[in-house]
1. Taking the stretch 1-37, which residues are closer than 19 Å to residue 92 by Cβ and assigned to a strand (DSSP E or B)?
2. Considering each of 208, 214, 228 in turn, give the residue that is in contact (Cβ under 8 Å) with a residue 40 or more places away in the chain and charged (D, E, K, R).
3. Which of (1) closer than 18 Å to residue 152 by Cα; (2) more than 16 Å from the ligand (Cβ to nearest atom); (3) in contact with a Ser or Thr (Cβ under 6 Å, 6 or more places away or on another chain) is the odd one out, the single condition residue 1 does not satisfy?
4. Can you find a residue in the stretch 26-40 that is of a type in the set (Asp, Glu) and surrounded by 23 or more Cβ atoms within 10 Å (Cβ to Cβ)?
5. Please go through (1) assigned to a helix (DSSP H, G or I); (2) more than 16 Å from the ligand (Cβ to nearest atom) for residue 55 and return the number of the only condition it doesn't satisfy.
6. Take the residues in the stretch 121-154 that are within 16 Å of the ligand (Cβ to nearest atom) and aliphatic (A, V, I, L, M); name whichever of them is nearest to residue 32 (Cα to Cα).
7. Of the residues 108, 91, only one is touching a residue at least 24 places away in the same chain (Cβ under 8 Å), over 15 Å from residue 66 (Cα atoms) and out of contact with any Phe, Trp or Tyr (no Cβ under 9 Å at 6 or more places or on another chain); which?
8. Could you check how many residues of the stretch 197-231 are of a type in the set (Asp, Glu) and in a strand (DSSP E or B)?
Amino acid sequence: MHIAVIGDIHANLEALTAVLRALGDLGIHRVFCTGDIVGYGASPRQCVEMVRDLGIPSVRGNHDDYTTHEDGREWRIRPEAREVILWNRSQLSREHVEWLRGLPYVRQVEGFSLVHAAHVYTPQWPYILNERTAIQNFLFQPGGLSFCGHSHVPVYIAHRSGRRPVLDILRNVILPRRQRVAIGVGAVGQPRDNDPRACAVLYDTVVRSIRVLRVPYAIEAAQERIRRAGLPEDLAARLALGQ
Ligand code: ZN
């Protein structure tokens, strides 16, 4: 069975639409999401509705989480990010916000788990980009395979017992036996690995192969929406750079 895992959509409708179309062309209809459906971009309502209405199982990302909070005192984020979250929330109905609030932090699917940042809860939203966080993640990861987002970079993290964890850029790979693996799925709506194309990960559950999918999309249209909404220019500019 072929599935796809997407994440960090960040209210980028153009990127989400392009990825879903590409997956449809590949005949992949089982899609999972590692969260951060909203935040940064200018189409939060459309992205929430698309994920919800297509029945894509998702976990809650930090931006989804912040969006459901009534006041932002405990957010611990930069003022510009706060401004965008408040704007995102202003675009959502109470029903959308309730839907985001209903997303679980972790989902256990047959054979793998989904989590936004890592299976580590103190600090709450860590990046698995170093050995220490990788070790912490594997202490709490419930099974042999998990998919995560948050870093916006496609990464491969593996651990064989008694050895140090391996962290690498994610490439097409057959999952090794007797190792625990966490796959960072990159970002649909705001990639940060210097490749501006939307990113998704394909998983063949029989062969146990992982493939990285990059999808070009209408970046200018997504930028235009950000500018028209009066959101910080930096959020539009970085989309073209993949940063
Ligand atoms: Zn994110």
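1. Within the stretch 1-37, 33 is the sole residue that qualifies.
2. Among 208, 214, 228, only 228 is in contact (Cβ under 8 Å) with a residue 40 or more places away in the chain and charged (D, E, K, R).
3. Every listed condition holds for residue 1 apart from (1).
4. Of the stretch 26-40, the ones of a type in the set (Asp, Glu) are 36.
Adding the requirement that they be surrounded by 23 or more Cβ atoms within 10 Å (Cβ to Cβ) leaves 36.
Within the stretch 26-40 (the criterion being of a type in the set (Asp, Glu) and surrounded by 23 or more Cβ atoms within 10 Å (Cβ to Cβ)), the answer is yes, since at least one residue qualifies.
5. (1)
6. Among those residues, the one meeting the criterion is 153.
7. 108
8. Filtering the stretch 197-231 for residues of a type in the set (Asp, Glu) gives 204, 220, 224.
Right, trim to in a strand (DSSP E or B) and you get 204.
Counting residues in the stretch 197-231 that are of a type in the set (Asp, Glu) and in a strand (DSSP E or B) gives 1.
The values are calculated or read from the model by the stated rules, or taken from the named source; none is laboratory data. All values derive from a computational prediction rather than experimental measurement. Ideal geometry is used to build each Cβ from the backbone, glycine not excepted, and the neighbour counts take in all protein chains shown.
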